[in-house]
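The values are calculated or read from the model by the stated rules, or taken from the named source; none is laboratory data. Quick caveat: nothing in here was measured; it's all calculated off a predicted structure. Positions of Cβ are backbone-derived with ideal geometry, glycine not excepted, and every protein chain shown enters the neighbour counts. Remember, those area values only see protein heavy atoms, side chains included, never the ligands or the DNA or RNA. Shrake-Rupley method; radii C 1.70, N 1.55, O 1.52, S 1.80 Å.
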Amino acid sequence: MFFMQESMPKLLIQGGKPLRGEVRISGAKNAALPVLCAALLTRETLAIRNIPQLNDVTTMLALLTQMGVSIKTETNNAIELSVENLTCLTAPYEMVKTMRAAILVLGPLLARAGEATISLPGGCAIGMRPVDQHIKGLEAMGAEITIKHGYIHAVAKKLRGTRIVMDIVTVTGTENLMMAATLAQGTTIIENAAREPEVIDLANCLNAMGAKVRGAGSDIITIEGVSTLHGAMHTVMPDRIETGTFLAAACATGGDIFLKETNARLLDAVLDKLTEAGAGIQSGDNWIHLKMNTKPRAVNLRTAPYPAFPTDMQAQFMSLNCVADGTAIITETIFENRLMHVQELKRMNADIKVEGHTAIIRGITQLDGANVMATDLRASASLIIAGLVAQGVTVIDRIYHLDRGYEAIEEKLSALGAHIKRAVGNSCDLARTAEW
Ligand code: EPU
C-alpha cells in the first residue's frame, strides 16, 4: 500500500509566482458528458467539437463503446459517434463508481431501446448524491423501474410525455429526463428544472438532432417528443468552472491573465465575487482579462443552483480567502460533505473554522507549502491555488481526481509562469529535492 502511494504521480508546486499571460479555455466537462450520451438517441452520426481531453471523457467513451457506439477521432478535440445498433444496455458498477455522470445513459437508452440496467452510483466523497429524481421522472413517463442487487433496471415500451415537478434542482436529473423526453410520445414539461448553462448546451445539441426542446435555461423546459432524431454537429460550450479556477488563481497570486475561447456571460456570480475581492475585470465576446493590483479582499459567499454562485467554485474561493484581507464566511448548500479541502488547507497553516456547512476563513499573510492530499476534483483545484500562493513547495497527492476534470492544467499554468510539475516518489523527498 505504502509502495502504491509512492508510485502514484503527484503535483509539485513552488509558490510565489503571480500568474501572467494568456491561456485557452477548454470545452466544458459537464457539458461534454451529457452531449456524448445524446449520441445514443440516434442511428446517425453525432459530430462533437471542442471535446476536452479528460479522464471522465475517456471513461464515458469506454462505456459508450461497450454499448455499441463507434467512435472516430477526427482531431484531439473533435470526435464522431455513431450507433447503428445498441449491443449492450448495461452500465456496470466498475464504470459508474468511477464516474457518476454514467447515470446519463439511463434516459437515452430507455428512450431508444426501451430498456436499461444501470449500476446505482452510491455515495461519493462530496455527498450522498441520490438519483431518486431521475427515477421519479422516468416513472412518471411510464417506465417500470426496479432496484435490485445495486442496479436500476428500467423498462418502457414507449415513454409518454407528462408534467414532472422536480422536488429538488438537479443538473444531471434534468438532463436525463430531457434526453428521455425527446423520443417520448407527446409533450413532457419539466418544472423546477436546473437552469445551468450545460443544460442549455445539451438542449442545443438535441435540437440540432431534430428534437423539440424549448425553455432550457429557465426552470420550465418543454419537450415535444419526435419519432426519431438524426445526426448533427455540435460544439461544446467553454468550461465555466475551468475559467473561474484560472481567474481565482490569478486573483490569489496577484496576477494578470487573459483567457480566450471562454464566455464571461456564464460566470456572472463568480465575476461579481472576484470584483468584490479587488480584481479589475474586462471581458468581450469570447475573452476575459483579469488584473490584480492589490492584495485580495475577503469575500463571503453561499453556493446555490445557477445563476447563483456555483458549488464547483467554492473550494477555489476558500483558498483565495485564506490569503485575503479580512474574514470571510463560505456556506455550501448543494452537497453535504464538500468542505474536505479545509483540513488540507489547514495543513498549509490556513485559519479556517467549520461549523456545519459553513466555513469561517480568517485571511493570513502567507500560506506554507506542505504535503497535502486531493479529496475530490474541485478540492484539487483549491490545493493548486493554495500551492501557488504558498511559501515553499507544496506536494499534492491523489491527483487522479484532477485529471478527471482539468485539461492539461500543468501545461496551462506553466505557460502562465507557475512553477508546477508532475513527479513520482515519496512526498517528503519530492518536496525536499524539487527544483525549477
Ligand atoms: N439530488 C437528489 N436527488 C437526485 C439528484 C440530486 O437529492 O435525484 C441532490 C444531490 O445529492 C445534491 C443536489 O441534489 O445535493 C444537486 O445535485 P445535482 O443532481 O444537481 O448534481 P449532479 O447533476 O450529480 C452536476 C455536476 C457536478 C456539480 C453539480 C451541481 C455533472 C456531470 N456534474 O452533478 O459537477 O457539482 O451538478 O452543480 O454535470 C464537478 O464537476 O466537480 C461536479 C461535481
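What the table shows:
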quantity	calculated
Residue tally, condition open to solvent by 40 Å² or more (accessible area, probe 1.4 Å), hydrophobic (A, V, I, L, M, F, W, C) and either in contact (Cβ under 8 Å) with a residue 60 or more places away in the chain or closer than 15 Å to VAL171 by Cβ (or both), over the range 183-208	1
Condition met for THR333 (surrounded by fewer than 24 Cβ atoms within 10 Å (Cβ to Cβ), more than 25 Å from ALA31 (Cβ to Cβ) and among the polar types (S, T, N, Q))	no
Residue check, VAL342 over 19 Å from ILE126 (Cα atoms) and not polar (S, T, N, Q)	no
Qualifying positions in the range 316-338 - more than 9 Å from the ligand (Cβ to nearest atom) and either part of a loop (DSSP other than H, G, I, E, B) or small (Gly, Ala, Ser) (or both)	SER319, VAL323, ALA324, GLY326, ALA328, GLU332, ASN337
Matching residues in the range 344-361 - criterion: being without any contact (Cβ under 8 Å) to a residue 24 or more places away in the chain and either more than 16 Å from the ligand (Cβ to nearest atom) or among the hydrophobic types (A, V, I, L, M, F, W, C) (or both)	LYS346, ASN349, LYS353, VAL354, GLU355
Checking LEU383 against (1) among the aliphatic types (A, V, I, L, M); (2) more than 30 Å from ALA31 (Cα to Cα); (3) open to solvent by less than 10 Å² (accessible area, probe 1.4 Å); (4) in a helix (DSSP H, G or I), the condition it does not meet	(2)
Residue within the range 99-108 that is surrounded by fewer than 20 Cβ atoms within 10 Å (Cβ to Cβ) and away from the ligand (no atom under 15 Å from the Cβ) present	no
Within the range 342-372, considering residues that are open to solvent by 60 Å² or more (accessible area, probe 1.4 Å) and not in a loop (DSSP other than H, G, I, E, B), the one farthest from VAL323 (Cα to Cα)	GLU355
Residue within the range 303-310 that is in contact with a Ser or Thr (Cβ under 6 Å, 6 or more places away or on another chain), of a type in the set (Phe, Trp, Tyr) and crowded, with 23+ Cβ neighbours inside 10 Å present	yes
Residue in the range 305-313 that is under 24 Å from ASN50 (Cα atoms), within 18 Å of the chain's Cα centre (by Cα) and of a type in the set (Phe, Trp, Tyr) present	yes
Qualifying residue in the range 156-166 (condition: in contact (Cβ under 8 Å) with a residue 40 or more places away in the chain, under 30 Å from ASP403 (Cβ atoms) and either crowded, with 20+ Cβ neighbours inside 10 Å or touching a His at 6+ places or on another chain (Cβ under 7 Å) (or both))	no
Enumeration of residues in the range 230-259 that are more than 16 Å from the ligand (Cβ to nearest atom), open to solvent by 20 Å² or more (accessible area, probe 1.4 Å) and within 19 Å of the chain's Cα centre (by Cα)	THR235
Top-ranked residue of the range 24-46 - restricted to ones that are open to solvent by 10 Å² or more (accessible area, probe 1.4 Å) and not in a loop (DSSP other than H, G, I, E, B), ranked as farthest from GLY417 (Cα to Cα)	ASN30
Single residue of the range 205-229 satisfying the filter (under 25 Å from ASP167 (Cα atoms) and of a type in the set (Gly, Ala, Ser)) that is farthest from the chain's Cα centre (by Cα)	GLY225
Any chance ASP132 is at pLDDT 95 or above, over 22 Å from TYR93 (Cβ atoms) and open to solvent by 60 Å² or more (accessible area, probe 1.4 Å)	no
Count of residues meeting criterion [part of a helix (DSSP H, G or I), more than 11 Å from the ligand (Cβ to nearest atom) and either in contact with a helix residue (DSSP H, G or I) (Cβ under 7 Å, 6 or more places away or on another chain) or at pLDDT below 95 (or both)] in the range 162-196	4
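To keep it simple, each residue is scored yes or no on (1) open to solvent by 10 Å² or more (accessible area, probe 1.4 Å); (2) free of Cβ contacts under 8 Å to residues at least 24 places away in the same chain; (3) closer than 25 Å to LEU54 by Cβ.
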residue	(1), (2), (3)
THR87	yes, yes, no
ALA91	no, no, yes
ALA113	yes, no, no
GLY122	yes, no, yes
GLU144	yes, yes, no
